[in-house]
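Undergrad: Before anything else, here's the structure in question.
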Amino acid sequence: MTIPDSEGFFMDNGDSCLPLTPEEEKRIIKELNDAAETNPKEGSLYYLVSSRWWSQWKKYVHVDENTEQSAIEVIMDVPCRPGEIDNSLLVDSNGESNEPVLRSFLQEMLDYVLVPQEVWKKLHEWYKGGPAFPRELITQGLSRISLVEIYPLHLQIIDSRDDSIQNIHISKKACVGDLHNKVCRILELEAEKVRIWDYFQRSKHALLNNFDQILEDAHLFTNQYILAEVQIDGFWPSGSGMDSTGNELALVPVEPSRSSFTIAGGPTLSNGYVTGFGQDLLHGSSLNSTFRDAEDSYDPSDTSNRGDGGLTGLQNLGNTCFMNSAIQCLVHTPPLVEYFLRDYSEEINKENPLGMHGELAIAFGDLLRKLWSSARTPVAPRHFKAKLARFAPQFSGYNQHDSQELLAFLLDGLHEDLNRVKNKPYFEASDANGRPDEEFADECWRNHKARNDSIIVDTCQGQYKSTLVCPVCSKVSVTFDPFMYLSLPLPSTATRTMTVTVFHGNGSGLPMPYTVTMLKQGCCRDLIRALSSECCLKESEGLLLAEVYDHKIYRYMENPFEPLSSIKDEEHIVAYRLPLDYGKLLRIEIMQRSKDRFKSEMSNSGNHKLCGTPLITCLAEGNHTGADIQVAVSVVLAPLLRTKLLIHSNQTQTCMDNGSGPCVDSTNLMESCGPCSNNVDRTTSNKETEQACSREESFSLWLFDDRFTGSRTPIENDTIVSSGTSIKVVLELSDRERDFYDFCYLEDLPVVFKSGFPMKKTRQEAVSLFTCLDAFLKEEPLGPDDMWYVL
């Protein structure tokens, strides 16, 4: 068998010329990769490999093959060996440098994969190709997060002799000395004759002469200019001591920390602490001026135009609009402006383990002062972004980020840096326990302020009331929780139309289907509220939702927070109007079955064939007899009578109002309809009266267990019904008795929603902040991760 393109496909031991098999390549690469990943170190090299070529190699060595194949399938499906490593898709075709430049905005796994150096060497030994893109593993931020620096700093070197520009790439973890040496090599000059400047936006900002300083700490940004000044005949170019405005400046800049003013706003002493303002120092601060850009344009002595401050903009450093928008919101908050424009150094908490040693607050205060100065030059927030990247590496680089995430981090960081509490006391979580809201809210806020006290708490924090109700024991827990921002949900505008049949549990009306429309993301409580409004439910009544399947109650939906998504369109949902406290009453579930049909079916198969829709009614607490059950069933069936019977008896007391359900006394309601009753409607014929008076003979009830098994007990007048929460009763009717009732109301229940009918599109309303707040304040059930725990 000939292996195509097998150049470089041989073992490197020098004693054998046998080619490596795909399995051997896979084993070697896996061992090298595992060895590199077990002990990653800062400075280790990783190489970029095109995802397209890498996928071809994995297919060749069967990396993704997890299923067993037959011998014939393996022979018929032999992948070709990939050619040379081709990273041409990663190269920027517009690059002017002699060295290959990586394209911008590449994504890992989609465009490239990272392999350790030893893996790259072995792959390049086998396949050749390229070009190579080595990248270092660096650590970033105080948390020292390890990551591969895919895009090093891209700096544009301007030669002061002819203004020519050279492009270089260097790691942000390199030192200023490394940058200086690289510039000297490019210009082919001696190191003593070259000095480099931070030339951001073609203005001198700082002389880069601290060769041990890391470029990341020098606040250099990608694509910015670096001015390389070349000494000619022992003199530096003229104008090197001029800033962008033409003012004479010292050649060696004074470090900001040696300035007469701290960025916290006050004059400093040798120990770095602020004592107060002095008019003589204010007016003499210009003696200690340094090389400044728009970042350093704040002058505390310039108060003439303070009323016109805050009109300065922020320069975009490259996809930093998310940061600029959040900063502008904060620097134009009046309480924060007033706070940071005065001396706040005494409130800086450098010992807070949760803070940033006060550095973030100082950097923000310095930036706010520059934006509120009388200058109109846009400010480049390079120093602030560098501090931000140090404490929050997720915001480093030049990718787009979420402005709200930055704002949340910034507010939290400023609070911890300015927290006036040095030693936080401990408080146990408490509950209201029936106390008034005002009293308990004041206590919670005092406890919070005892641990968290800063300008951020004073301005940007509050507390909201949280009420939890246990669905089992109805225990109410009230707490007041602090908040700094609210994540508001967008109210759902998608609706759902549902049809539910409502039954009267006290026999006061016929079943009636109602079609309601509600939010698609609602719950059963929303459905109950909509149905209550449609059927004019009384204050003394409640609705019990249930699903009917195979002529039985399949399940009750008593959890008000059960989502409507659990109800399918093809299901049959009913609602029973019952007394408001039906949970404390005896629930009677009444199912129907034809007596004649039952006899024929039992003789053939022994099945208990049901029909119609179950009915539900309630009886008061206590022991009941079979006569009570028969009366309750008669009351529920009364609206279905085809012949209207007027039931009047001085010995019978039946509560027919909608709120109480049938309350049975000692007399049997059936007696008033018996053969001796003279209360039949005069419009009824003698034949109909005879049929109505004889129905008692074919009216029979059977008591079944909860699981509706084959065991059944006949219900007689003197049958004692055991007390409990619910019972299941089967009503057996003869064919003649079924004709006496109009059971069509119990047949053919409508489904929840029947597709095929075009729905009228409703106009979508605009979403306002208030509707979002309403959605946030709505009650919701606790999720699995927030369940109620009993201590």
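Undergrad: If you take every residue apart from L89 with its C-beta less than 15 Å away from the C-beta of L89, what net charge results, scoring Lys and Arg +1 and Asp and Glu -1?
TA: Once positives and negatives cancel, what remains is -3.
Undergrad: Now for a different question. How much length, in nm to one decimal, is gained on full extension between D402 and L89, taken as 0.36 nm per residue of separation minus their Cα-Cα distance?
TA: Result for the pair: 109.7 nm of gain on full extension.
Undergrad: What does the extension gain come out to for D437 and E539, with contour length at 0.36 nm per residue minus their alpha carbon separation?
TA: Extra length available between D437 and E539 comes to 33.9 nm.
Undergrad: Between C611 and V767, what FRET efficiency comes out of the Förster formula 1/(1 + (r/R0)^6) with R0 = 41 Å and r the beta carbon distance, rounded to 0.05?
TA: Taking R0 as 41 Å, the efficiency between V767 and C611 is 0.25.
Undergrad: Within the set K449/K778; K41/K173; K26/K59; K370/K449, which residue pairs have Cα atoms separated by over 20 Å?
TA: Violating the 20 Å Cα-Cα cut-off are K449/K778; K370/K449.
Undergrad: Still on this structure, please answer the following. Karplus couplings for segment 35-49 from phi (6.51 cos²θ - 1.76 cosθ + 1.60, θ = phi - 60°), rounded to Hz, Gly and Pro as x?
TA: Rounded to whole hertz, the list is 5, 6, 7, 6, 9, x, 10, 5, x, 5, 9, 10, 10, 8, 10.
Undergrad: Cβ neighbours within 10 Å, averaged per peptide: list 427-437, 117-127 in order, most packed at the top.
TA: Going from most to least packed, we get 117-127, 427-437.
Undergrad: So, one more: For Q156 and Q56, what does the FRET efficiency come to when R0 = 35 Å and r is the distance between their Cβ atoms, rounded to the nearest 0.05?
TA: The value I calculate is 0.40.
Undergrad: Just to be sure I understand the model, the point goes 7 Å from the Cα along the line to the Cβ. What's the resulting D739 to Q107 distance in nm?
TA: 7.5
Undergrad: Rounded to the nearest 20 debye, what is the charge dipole size of segment 102-244 about its Cα centre when +1 sits on each Lys and Arg Cβ and -1 on each Asp and Glu Cβ?
TA: 420
Undergrad: Additional query: Just to confirm, what accessible area per residue do you get for segment 371-516 at 1.4 Å probe, in whole Å²?
TA: About 50 Å² of surface per residue is accessible.
Undergrad: Would you mind computing, in nm to one decimal, how far apart the modelled labels at N33 and S430 are, each placed 7 Å from Cα along Cα→Cβ?
TA: The modelled label-to-label distance comes out at 5.9 nm.
Undergrad: On to the next question. How large, in percent, is the carbon and sulfur part of the accessible surface of segment 447-531 at a probe radius of 1.4 Å?
TA: Roughly 55 percent, rounded to a whole number.
Undergrad: With r defined as the distance between the Cβ atoms of T333 and K449 and R0 fixed at 22 Å, what FRET efficiency is calculated, to the nearest 0.05?
TA: Efficiency for this residue pair is about 0.65.
Undergrad: Still on this structure, I have one more. Excluding A392 itself, calculate the net charge of residues whose Cβ lies under 15 Å from the Cβ of A392, where each Lys or Arg counts +1 and each Asp or Glu counts -1.
TA: Result for the local shell: -3.
Undergrad: Whose amide H sits under 5 Å from the amide H of H624, counting only residues 5 or more places off or on another chain, with H placed in the peptide plane?
TA: Residues meeting the amide H criterion: V721.
Undergrad: Taking the alpha-carbon centroid of each part, what is the distance from segment 437-467 to segment 534-575 in angstrom?
TA: 42
Undergrad: Now a separate question. Full-extension gain between L641 and N209, please, as 0.36 nm times their residue separation minus the C-alpha to C-alpha distance.
TA: 145.1 nm
Undergrad: I would also like to ask the following. Amide H to amide H under 5 Å from G313: which residues, 5+ apart in sequence or cross-chain, H placed 1.01 Å off N in plane?
TA: Here V379 satisfy the definition.
Undergrad: Give me the one-decimal nm value for the distance between modelled label points at I145 and S487, 7 Å along each residue's Cα-to-Cβ direction.
TA: 1.7
Undergrad: Which net charge results for the neighbourhood of G626, defined as the other residues with beta-carbon distances under 11 angstrom from its beta-carbon, given Lys and Arg at +1 and Asp and Glu at -1?
TA: Summing Lys/Arg as +1 and Asp/Glu as -1 gives -3.
Undergrad: Using DSSP to call loops (not H, G, I, E or B), can you name the chymotrypsin sites (Phe, Trp or Tyr not before Pro) in segment 457-561 whose Cβ has at most 16 other Cβ atoms within 10 angstrom?
TA: Of the chymotrypsin sites (Phe, Trp or Tyr not before Pro), the ones in loops of segment 457-561 whose Cβ has at most 16 other Cβ atoms within 10 Å are Y485, F561.
The values are calculated or read from the model by the stated rules, or taken from the named source; none is laboratory data. Fair warning: this is a prediction, and the values are worked out from it, not measured in the lab. Cβ coordinates were reconstructed from backbone atoms using ideal geometry, including for glycine residues, and neighbour counts include every protein chain displayed. The accessibility values were calculated without ligands, DNA or RNA, using every heavy atom of the protein model including side chains. Shrake-Rupley method; radii C 1.70, N 1.55, O 1.52, S 1.80 Å.
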